[in-house]
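The values are calculated or read from the model by the stated rules, or taken from the named source; none is laboratory data. Quick caveat, the model's predicted, so the values are computed rather than measured. We place every Cβ from the backbone using ideal geometry, glycine too, and count neighbours over all the protein chains shown.
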Amino acid sequence: MGIYLPILVLAVIAGGFAVVSVVMSSLVGPARYNRAKLEAYECGIEPAAVSLGASRIPLKYYLTAMLFIIFDIEIVFLYPWAVAFDSLGTFALGEMALFMAAVFAAYTYVWRRGGLSWD
């Protein structure tokens, strides 16, 4: 259990910082609320009702964000493997080859479906 002590200490420090930040901001910060502060933020523009003819955000933006998250998570899995590559052996090399093949298959699928085109 001694090896997990630094992680526990870091978690306690992070949680303590979050709690102290919220408490201090409510105690020290100004408490002048008005109607404008309580409304939803609309980039400095007056909020307007959405009509039927209003343009919507294309779904492609959300798909691009999801693709970024998927391939970003792939990199998160690759870093520890690359760091410990010398001590892992042949089995880990095979497992990483399977992982990379699955990611490459997903990448190829998205590419063929046109998910990477920006027009």
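Kindly check whether there is at least one residue in segment 37-53 that is modelled with pLDDT of 85 or more and among the β-branched types (Val, Ile, Thr).
Restricting attention to segment 37-53, the residues satisfying the condition of being modelled with pLDDT of 85 or more are none.
No, there is no match, as no residue in segment 37-53 is modelled with pLDDT of 85 or more and among the β-branched types (Val, Ile, Thr).
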Exercise for the section: Would you check which residues across segment 54-88 are of a type in the set (Phe, Trp, Tyr), at pLDDT 80 or above and exposed (fewer than 10 other Cβ atoms within 10 Å of the Cβ) and list them? Expected result: 79
